[in-house]
Amino acid sequence: MSIREARVNAKINAISHTPITFEQPEERNSKGEKTGRKLKVSEYFGECVFDIASAAEIPENIREELISVKQGHRKFNNDHAAVIAKAVTDWATSRGATHFTHWFQPLTGGTAEKHDAFLEIKKGKPIEELSASKLLQGEPDASSFPNGGSRSTFEARGYTTWDISSPMFLIESTNGKTLCIPTAFVSYRGEALDIKTPLLRSISRISEVVTDFLQIIGNKNSKHVVVTAGCEQEYFLVDRTFFFSRPDLVMTGRTVFGSLSAKNQQLEDHYFGSIDERTMAFMQEVDLCLHRLGVSSKTRHNEVAPGQFELAPIFVDANVAADQNQLIMSVLKKVATKHNFEVILHEKPFAGINGSGKHVNWSISDNTGLNLLEPGTEPHQNHRFLAVVSIICEAVKRHGGALRMAIASASNDHRLGANEAPPSIISVYLGDTLEKIYQSILDGKPFTPDNNSVMDMGARQLADLLKDNTDRNRTSPFAFTGNKFEFRAVGSKTAVGLPMTVLNAAVSEVFAEANAFLKADIESGKSVDESLAALTKKYATSSKSVVFNGDGYSEEWIKEAERRGLPNHRTTPDALKVLLDEKQTKFLTSQKILSSSELNTRFVVLEERYEKMREIEFKTLISMVHQNILPAAMTYKNTLGLIAAQNKSLGLESEVEVELLKRLNELTKWIYSETQKLSDALDKLESQDHRSQIIASELLPMAESVAIWCNKLEEVVPNDLWSLPKYYDMLFLR
Ligand SMILES: [Mg+2]
């Protein structure tokens, strides 16, 4: 097949893929026959989740114990594990599960599983069983997981241990079901080798200090505090036909070069546009799968870039939210394949248009349902709320560098500071009202709210609109949005566990100090409100430099942030250095969230990951230059040369052909020489120290230069000769 035929076929394939239907859940009568009535979502929501709170097989006393363990009030009595193991085995096997697995999150950023059958042979007879010990603990062959050199081969044991606070669930595949048991993953010496363990530690810590805070200020009914999170997931969809024709998408998750189509997102007509049929069919099946898994997928819409979409769930406990986000990413991938799409979670798969993020909506509430970030109707009177916000601002001010570290990756580096994405400077957006309130506190003046909370739309047909306390500032990496903070700098591919761990720990550190301050102040005879006001003023003053309500994408902000002394770590290697800085990580070690050796492990793993990812990108680019790009240019040159020779024999001029040949010569020369430079630098890299720094400061710019020349060539070579799908194909044809 010629290149031309292959590309035309790929296009025909992509546009002839039709929406895929799937079986909607239907009611069944007592005989198990379908009645024809489609079930409501509420009727099948969570049917693949083993819910401790409602499982009939669990006796009441153990159920109460589990709920209390979940809230961190006590340790689980391992003697009760057998009851749970039996109950979950009955539940899972009666639904067709044949296997179970400890499901954990190693430092790869993804999830890991190793399946075991329920099948046991007891006294010569086959039975289904999950023993208490296998529920509680597993020992996967862990030597191949990243450990950052924290374990030598002889002590390569790693253990998975049941996380009681995250529910077990069933994963369905084409020919069967598997019970997944969320677990932590630790080394023989008890070091966290995963993302979950430090997150759980940070959640316990924040719960402890914020409960103390509430007790000190007189909320005697506050016995327990939870961090809640909701992770908005952005992604691209590309037809599989095109995906597998782009080696860079397959190998690296992004295009390493590509000329932008004439129309991309300039008209802003994709954002919230009506969703095309094929994508809608995909989204509907994603929602069905997630709802059955107890993930409350709530919002779906077109995002700004063509081919880009978003899914957002309702917030839940932070640990469950982190697990559910992993499930969301894996369901998106799985369902996309069925619909002949490939889902792209990379933060910047296409240069020149928006990348994808994962806004982590973060808040803290107590057992009485009180959301500490709820301003109420009169935020300026709400001393507790103002104090909490000032504590969080102080936390971000102190640990902006660590927060930046927590979201650092090769892929997110392309997004931070690029189109429509937060810059790598971590600042806080509070919105107009709050900013004015804090300013009046700093000035020591009373705050008078403007009475325009209801907007008159000037049209009688329209209902009055209640104005929010904050406008949406899309340019801020950490923004207050009504009753929560949104950590927006988190990348779309990133596991949310580490960013949340660092945020929780940073906030806990300041809460602990605030508690000491308040206690002393109240004991000295001040009222709670007076003390909260004094605390607010203290932190509003010291964190003033991190609050920025303007345009975070502007050049002026970068200069202004530098004047304010805020860190601006543009690249992952720069950002990761924080992990080795004792001063900057003391808040993690002193609160026992991550030990220095665990921090060191993370540094080694993340840095190595950065290097490997970039090396794969460079190698992919080099091979595409030699296998696809230069051959296309040569073929075109050959055609032009033949025409010129023919013209000459006929006594005709060949001005255009010669012009084009000159242009092609120029472009191929640059592509070849820049690629050669990159290739030589890559060969030398192995023997050098500070590889990640060299990659970020020298090799990546070289690769970007190759990409620029390739893009120019792509624009002049005829479609017929270009073997790779273009942005136009991938973003618009479906
Ligand atoms: Mg979005």
*asked:* Among (1) within 27 Å of I15 (Cβ to Cβ); (2) in a helix (DSSP H, G or I); (3) open to solvent by less than 70 Å² (accessible area, probe 1.4 Å), there is one condition R734 misses while meeting the rest; what is its number?
replied: (2)
_One residue is enough: does region 168-177 have a residue meeting the conditions at pLDDT 90 or above, surrounded by 22 or more Cβ atoms within 10 Å (Cβ to Cβ) and polar (S, T, N, Q)?_
no
*Quick one: which helices (runs of 4 or more DSSP H) sit completely within region 609-726 and have at least 3 residues that are under 19 Å from S411 (Cα atoms) and without any contact (Cβ under 8 Å) to a residue 60 or more places away in the chain?*
700-716
_Just to verify a result, which residue in region 244-254, among those that are assigned to a helix (DSSP H, G or I) and surrounded by fewer than 20 Cβ atoms within 10 Å (Cβ to Cβ), is farthest from the ligand (Cβ to nearest atom)?_
P247
*If you go through region 175-195, how many residues are touching a residue at least 60 places away in the same chain (Cβ under 8 Å) and touching a helix residue (DSSP H, G or I) at 6+ places or on another chain (Cβ under 6 Å)?*
6
*Residue count, region 313-328 (criterion: open to solvent by less than 10 Å² (accessible area, probe 1.4 Å) and within 16 Å of the ligand (Cβ to nearest atom))*: 2
*Examine region 255-262 for a residue that is away from the ligand (no atom under 16 Å from the Cβ), within 19 Å of C231 (Cα to Cα), modelled with pLDDT of 95 or more and surrounded by 14 or more Cβ atoms within 10 Å (Cβ to Cβ), and state whether such a residue exists.*
no
*Confirm whether T368 is in a loop (DSSP other than H, G, I, E, B) and closer than 29 Å to H73 by Cβ.*
yes
*Could you tell me which numbered condition G294 fails, if it satisfies all but one of (1) within 29 Å of N504 (Cβ to Cβ); (2) away from the ligand (no atom under 14 Å from the Cβ); (3) outside any loop (DSSP other than H, G, I, E, B); (4) touching a strand residue (DSSP E or B) at 6+ places or on another chain (Cβ under 8 Å)?*
(3)
*Identify the single condition in (1) within 26 Å of S42 (Cβ to Cβ); (2) within 16 Å of the ligand (Cβ to nearest atom); (3) in a loop (DSSP other than H, G, I, E, B) that H270 does not satisfy, given that it satisfies every other one.*
(1)
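Go through region 159-194 and give me each residue that's assigned to a loop (DSSP other than H, G, I, E, B) and under 22 Å from V49 (Cα atoms).
Scanning region 159-194 gives D163, I164, S165, S166, P167, T174, N175.
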_Filter result for S42 (assigned to a helix (DSSP H, G or I), without any contact (Cβ under 8 Å) to a residue 60 or more places away in the chain, open to solvent by 40 Å² or more (accessible area, probe 1.4 Å) and not aliphatic (A, V, I, L, M))_ = yes
*Any residue in region 553-562 that is outside any helix (DSSP H, G or I), more than 30 Å from K196 (Cα to Cα) and at pLDDT below 95?*
yes
_Given (1) open to solvent by 40 Å² or more (accessible area, probe 1.4 Å); (2) under 16 Å from W722 (Cα atoms), number of the condition T668 does not satisfy_ = (1)
*Give region 90-108 a look and list any residue that's open to solvent by less than 10 Å² (accessible area, probe 1.4 Å) and in a helix (DSSP H, G or I), or say none.*
A92
*Residue count for region 583-596, restricted to those that are part of a helix (DSSP H, G or I) and either open to solvent by less than 50 Å² (accessible area, probe 1.4 Å) or without any contact (Cβ under 8 Å) to a residue 12 or more places away in the chain (or both)*: 6
*From the set of residues in region 513-529 that are among the hydrophobic types (A, V, I, L, M, F, W, C) and farther than 19 Å from S363 by Cβ, which is least open to solvent (accessible area, probe 1.4 Å)?*
L518
*Any chance you could count how many residues in region 345-370 are hydrophobic (A, V, I, L, M, F, W, C) and within 15 Å of the ligand (Cβ to nearest atom)?*
3
*Taking the options L373, L403, L416, name whichever one is within 16 Å of the ligand (Cβ to nearest atom) and either in a loop (DSSP other than H, G, I, E, B) or open to solvent by less than 10 Å² (accessible area, probe 1.4 Å) (or both).*
L416
*asked:* Return the pair list, or none, for Cβ contacts closer than 6 Å from residues in region 347-374 that are at positive phi and of a type outside the set (K, R) to residues that are open to solvent by 20 Å² or more (accessible area, probe 1.4 Å) and within 16 Å of the ligand (Cβ to nearest atom), at least 6 apart or on different chains.
replied: none
*Take the residues of region 213-236 that are among the small types (G, A, S) and open to solvent by less than 10 Å² (accessible area, probe 1.4 Å): which is nearest to the ligand (Cβ to nearest atom)?*
G230
*Identify, from the list F309, F282, F350, the residue that is open to solvent by less than 30 Å² (accessible area, probe 1.4 Å), in a strand (DSSP E or B), of a type in the set (F, W, Y) and farther than 30 Å from A505 by Cβ.*
F309
_Pick from region 188-212, criterion open to solvent by less than 10 Å² (accessible area, probe 1.4 Å) and small (G, A, S), ranking: farthest from the ligand (Cβ to nearest atom)_ = A192
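The values are calculated or read from the model by the stated rules, or taken from the named source; none is laboratory data. Keep in mind the model is a prediction, meaning the values are calculated, not measured. Ideal geometry is used to build each Cβ from the backbone, glycine not excepted, and the neighbour counts take in all protein chains shown. With ligands, DNA and RNA removed, areas are computed over all heavy atoms of the protein, side chains included. Shrake-Rupley method; radii C 1.70, N 1.55, O 1.52, S 1.80 Å.
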